[in-house]
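Single-structure report; data block below.
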Amino acid sequence: MAICGRDRERIDDAAAEIGGACVPLVADVSDAAGGAAFVAAATEALGGIDILVTNAGGPPPGNFADTDVEAYPAALGLNLLSVVGMCKAAAPAMQSNGWGRIVAITSLAVRQPYPHLILSNTARAGATGFLKTMARELAGSGVTVNSVQPGLHRPDRVRQLYGDRMDDMLMGDPDDFGSIVAFLCSNHAQFVTGAQVHVDGGTYQALQ
């Protein structure tokens, strides 16, 4: 396993907590080139990639009126183009091997946009369209492509957005969320592709 982050100390600490043969890599996956570079470094370190899980923090909060057009390219780079870059770099080898798993961590905002998060809502919706299209094209190759849409869990990002209000909100356990991702990466999920799985404790209430 290889994981990445921009800060050497933090990524080393995370790898140590995971244990085993986890390889910490310093990489900035805030755009397509950075995403592709991480895949290349992980491939070199591990000898190949069978499973790719894409995940990145969200762009700054804001609404339509106070978010400048100039803010959108960076948000699209972080939450859309980085996913494209990683998938483009990783998928061909998976197809050649006849087996692979790609799981993207997006957001419940894809189904139900969050107030004051217009940049994240926009970019993650684009990533979902890309992943659904890719899943269709790779179906039957042994490579599955899915996304998982978390509701509110307990990472630092949620506390930054909601502060003390999160104490009164329905929050998920990140370990439980990880179990859903692990399932989609397993052989048991070999016939699940193109899915967008929302893991939100029932927050999303529409029928579709």
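The values are calculated or read from the model by the stated rules, or taken from the named source; none is laboratory data. Just so you know, these numbers come straight off a predicted model, no measurement behind them. Using ideal geometry, Cβ is built from the backbone for each residue, glycine included, and neighbour counts are taken over all protein chains shown.
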Odd one out for PHE191, checked against (1) exposed (fewer than 14 other Cβ atoms within 10 Å of the Cβ); (2) at pLDDT below 95; (3) not β-branched (Val, Ile, Thr); (4) not in a helix (DSSP H, G or I): (2)
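With respect to LEU25, determine if the residue is at pLDDT 95 or above, surrounded by 14 or more Cβ atoms within 10 Å (Cβ to Cβ) and more than 26 Å from ALA125 (Cβ to Cβ). Please lay out each step first, then the result.
Values: at pLDDT 95 or above: yes; surrounded by 14 or more Cβ atoms within 10 Å (Cβ to Cβ): yes; more than 26 Å from ALA125 (Cβ to Cβ): yes.
Criteria met by LEU25.
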Residues of segment 89-115 classified as modelled with pLDDT of 95 or more and over 15 Å from the mean Cα position of the chain (by Cα), total: 11
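What about THR43, is it part of a loop (DSSP other than H, G, I, E, B) and of a type in the set (Ser, Thr, Tyr)?
No: the conditions fail for THR43.
Taking segment 71-99, which residues are part of a helix (DSSP H, G or I) and either among the aromatic types (Phe, Trp, Tyr) or under 22 Å from PRO115 (Cβ atoms) (or both)? It would help to see each step written out before you state the result.
Our first condition is that a residue be part of a helix (DSSP H, G or I); within segment 71-99, this holds for 71-97.
Of everything in segment 71-99, those that are part of a helix (DSSP H, G or I) and either among the aromatic types (Phe, Trp, Tyr) or under 22 Å from PRO115 (Cβ atoms) (or both) turn out to be ALA71, TYR72, ALA74, ALA75, LEU76, LEU78, ASN79, LEU80.
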Test result for ALA16, surrounded by 18 or more Cβ atoms within 10 Å (Cβ to Cβ) and in a helix (DSSP H, G or I): no
Residue list for segment 110-146, filter: among the small types (Gly, Ala, Ser) and either surrounded by 23 or more Cβ atoms within 10 Å (Cβ to Cβ) or out of contact with any helix residue (DSSP H, G or I) (no Cβ under 7 Å at 6 or more places or on another chain) (or both): SER120, ALA123, ALA127, GLY129, ALA135, ALA139, GLY140, GLY142
